[in-house]
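One structure is given below, encoded as structure tokens.
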Amino acid sequence: MSSIRGAAFTSLFRRFKANNSNFAYTTRTIVLALTWIPVVAYVANHQVWIGVIDGSSMTPTLNPESNGLVRDIALLWKSGSKNYNSYNRGDVVVLRNPRDPESSVVKRIVAFEGETVRTRFPYPEPVCVVPPYHFWVEGDNIHSVDSNTYGPVSCGLVTARIRYVLFPFSRFGKIAVRGGRDPQAIVIGMKSAR
Amino acid sequence: MSSQVRQLLYSLSIGLRIGAAMHLLHTNIFEFSPTGGLSMLPTIRALGDHVFVDKLRHRRGKNIDVGDVVICSKPTSENTRICKRVAGMPGDIVYANAMPRYSATTLDDMPYEAFVSQENPRAGKYIRVPEGHVWLLGDNATASLDSRDYGPVPMALIIGEVPFASFWGPWDFWPSMPRQIGSNVRSSSSSMEEYLRKVDNLFAF
């Protein structure tokens, strides 16, 4: 493989396989590796990435210990996250916090557009009609700050959906489909298609 | 692997990398894109205007102030972007006046309910813009579907600020000289507090 020693246009794979130690060759390899950063960034932003779950709002589905020492690592599926019709009731989603655009929260979808929800304490009204292209999201933990605080959230805020937990290997696999308040009990006018 | 196949794969990988870099540039740094519609009419033409979108400094509502024109994902529909002017920042008190019953965008045979999404609980009330939200209004109030209809918009939906716009008609070879949009208000009174302080100073003899 030493024949590709001086070659300018050689793939990264062949370069690592060749294992040369020439300064110019190394520099060229590093520059070539840097050109792949936008591709990785595209995959991370729009296809799939992993994320560390922080906080206890999805306990016991995610972070069941809630002591802050063991944090779950989940697979964030980002492809098609703006497609409203692709969501099912009970999906766990990552969305931008409506109150703080730089932070994200993990919640479970309870209701879809056109449905009426029986709200919980911090919400000013007893019921709320979910506007078009919006979700009503709630955490599995009763103490979570969710749509009962900031109202229905637009699907445009959703950045990813979570189906699998990766890291504590003891709980590796699909996450629970249900959690939190039962949608059958709190959603009025539920559309059976979801 | 034959050299022709390798050559093809290399070309594809170059295309992939350039495409990804362009996408990264467009989503995070800068975009020049066509805009249209009646809602910003005196400021932006209904047809043929293109806007410069500054995303690096203003993505997700960073450094946004009253008077700025922003591009934003529409909260109530999919794959739609809106261009509106920021009329209220978090903590400001705004008057949520009702949408016009008949406007330039509602046709005679088009029911009002089809234009306005639902019964609006905010209509005719003074409300405080929540934390992390902005109040967006179109410059053409009679033909604009904006925060009066769908309420305060989360800052996370803001894609970027529009500092300039230029006209590029189908018969023009090159876009016109960019004209400034929206930052004239910022220099005089950027926030409600500052405005009220100025008014107080005016009457403090």
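The values are calculated or read from the model by the stated rules, or taken from the named source; none is laboratory data. This one's a predicted model, so the numbers in the text were calculated from it and none came from an experiment. Because the Cβ atoms are built from the backbone with ideal geometry, glycine has one as well, and the counts that use them run over all protein chains shown. Ligands, DNA and RNA are excluded from the accessible area calculation, which covers all protein heavy atoms including side chains. Shrake-Rupley method; radii C 1.70, N 1.55, O 1.52, S 1.80 Å.
Positive end of the charge dipole of chain A (Lys, Arg +1 and Asp, Glu -1 on Cβ, about the Cα centre): tell me which of A:141, A:176, A:20 has its Cα farthest that way.
The residue sitting farthest along the positive end of the dipole is A:20.
Would you calculate a helix-derived [θ] at 222 nm for the protein assembly as shown, using -39,500 (n - 2.57) for each DSSP H run of n ≥ 4 and dividing by the full residue count, to the nearest 500?
One gets -6000 deg cm²/dmol as the mean residue ellipticity at 222 nm.
Take peptide A:95-103, look around each residue's Cβ out to 10 angstrom, count Cβ atoms belonging to other protein chains, and average those counts.
Mean inter-chain Cβ contacts per residue within 10 Å come to 6.
Residues of the stretch B:10-24 losing 30 Å² or more of accessible area relative to the isolated chain, 1.4 Å probe, heavy atoms only?
At a threshold of 30 Å² (probe 1.4 Å), the residues of the stretch B:10-24 that become less exposed are B:10, B:16, B:17, B:20, B:23, B:24.
Please state the shape class of the protein assembly as shown: rounded when a/c is under 1.5, otherwise prolate if a/b exceeds b/c and oblate if not, all from the C-alpha gyration tensor.
oblate
Which one, A:94, A:39, A:127, has the greatest fluctuation when you compute a Gaussian network model over chain A with C-alpha springs under 10 angstrom?
In the Gaussian network model the winner is A:39.
Please give the residues from the stretch B:141-176 for which the solvent-accessible area of heavy atoms, probe 1.4 Å, is smaller by at least 40 Å² with all protein chains in place than with the chain isolated.
B:156, B:157
Quote the FRET efficiency, to the nearest 0.05, computed for residue A:170 versus residue A:48 with a Förster distance R0 of 25 Å and r equal to the Cβ-Cβ distance.
After rounding to 0.05, the efficiency reads 0.65.
Pick from A:37, A:73, A:142 the residue whose mean-square fluctuation is largest in a GNM of chain A, springs joining Cα atoms under 10 Å.
A:37
Hey, which of these cross-link pairs are over 21 Å Cα-Cα: A:82/B:74; A:78/B:74; A:107/B:62?
Checking Cα-Cα distances, A:107/B:62 exceed 21 Å.
Counting Lys and Arg as +1 and Asp and Glu as -1, each charge on the Cβ, what is the dipole of the protein assembly as shown about the Cα centre in debye, to the nearest 20?
The calculation lands at about 1680 debye.
In whole angstrom, how far apart do the alpha carbon centroids of the stretch A:69-117 and the stretch A:139-172 sit?
Taking the Cα centre of each part, the stretch A:69-117 and the stretch A:139-172 sit 5 Å apart.
Name the residues of the stretch A:36-64 whose accessible area, probed at 1.4 Å, falls by at least 10 Å² once all protein chains are in place instead of their chain on its own?
The answer is A:36, A:38, A:39, A:41, A:42, A:45, A:46.
Can you give me the accessible area per residue for the stretch A:50-188, using a 1.4 Å probe, in Å²?
46 Å²
Using only protein heavy atoms and a 1.4 angstrom probe, determine the accessible area buried between B and A, summed over both sides, in Å² to the nearest 100.
Answer for the B-A pair: about 2200 Å² buried.
Would you please give the residues with an amide H less than 5 Å from that of residue B:81, counting only those at least 5 places away or on a separate chain, with H modeled from the backbone geometry?
Result for residue B:81 returns B:74.
Roughly how many percent of the accessible protein surface of the stretch A:50-188 is carbon and sulfur, given a 1.4 Å probe and a whole-percent answer?
Using a 1.4 Å probe with all protein chains present, the stretch A:50-188 comes out at 57 percent carbon and sulfur.
Inside 10 Å of the C-beta atoms of B:74-80, what's the mean count of C-beta atoms belonging to other chains?
Whole-number average of other-chain Cβ neighbours for B:74-80 is 6.
Return P(r) of the stretch A:50-188 (all Cα-Cα pairs; 5 Å bins starting at 0; whole %; ordered from short to long distances).
All Cα pairs, binned at 5 Å, distribute as 2, 11, 21, 25, 21, 12, 6, 2, 0 percent.
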